[in-house]
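For reference, the structure discussed in these notes is given below.
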Amino acid sequence: MSKKLHHIVLIQFKETIRSKEFKRIEDGAVTLRDIEGVNDLIFRENVSPEKLNKEYSHCLSLWFANEQDRDEVYLPHPIHQKFVGLFVPFTENVLAVSYTHLTLPT
């Protein structure tokens, strides 16, 4: 059984965000893949029909091998810091959670 860390960021954008600003944020999210330790990344809009998203419209999901890769490599990395500076001014709320994901052998 192997473990990996799943880091999830839920984003509620301000209603005033324009499409060109959102495009820059979307492009910026992709650059996070260049950080060593980021094993996978998804940035997508909520499509759930349940309407339980509490106005969080987008999700940024990242996978790491362990907490050290998230805490010591990813979080302080200049690419991550640049992305935070890019997207936070356009957000109303941000919620971040992480959990350890166990992969069972096949």
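Picking from ILE11, ILE17, which residue would you name as being in contact with a helix residue (DSSP H, G or I) (Cβ under 6 Å, 6 or more places away or on another chain) and not in a helix (DSSP H, G or I)?
On the way: ILE11 fails: in contact with a helix residue (DSSP H, G or I) (Cβ under 6 Å, 6 or more places away or on another chain).
After applying the criteria, what remains is ILE17.
Within the range 40-54, is there a residue that is out of contact with any Phe, Trp or Tyr (no Cβ under 7 Å at 6 or more places or on another chain), of a type in the set (Gly, Ala, Ser), open to solvent by 80 Å² or more (accessible area, probe 1.4 Å) and at pLDDT below 95? No: zero hits.
Test of understanding: among LYS3, LYS20, LYS82, LYS14, which residue is charged (D, E, K, R), without any contact (Cβ under 8 Å) to a residue 24 or more places away in the chain and open to solvent by 60 Å² or more (accessible area, probe 1.4 Å)?
Answer to the check: LYS20.
The single condition from (1) free of Cβ contacts under 8 Å to residues at least 24 places away in the same chain; (2) within 11 Å of the chain's Cα centre (by Cα) that PRO89 fails is (2).
The values are calculated or read from the model by the stated rules, or taken from the named source; none is laboratory data. This one's a predicted model, so the numbers in the text were calculated from it and none came from an experiment. Neighbour counts are summed over all protein chains in view; Cβ atoms, including those assigned to glycine, are modelled from backbone coordinates with ideal geometry. Quick note on the areas: whole protein, heavy atoms, side chains included, nothing else; ligands and nucleic acids left out. Shrake-Rupley method; radii C 1.70, N 1.55, O 1.52, S 1.80 Å.
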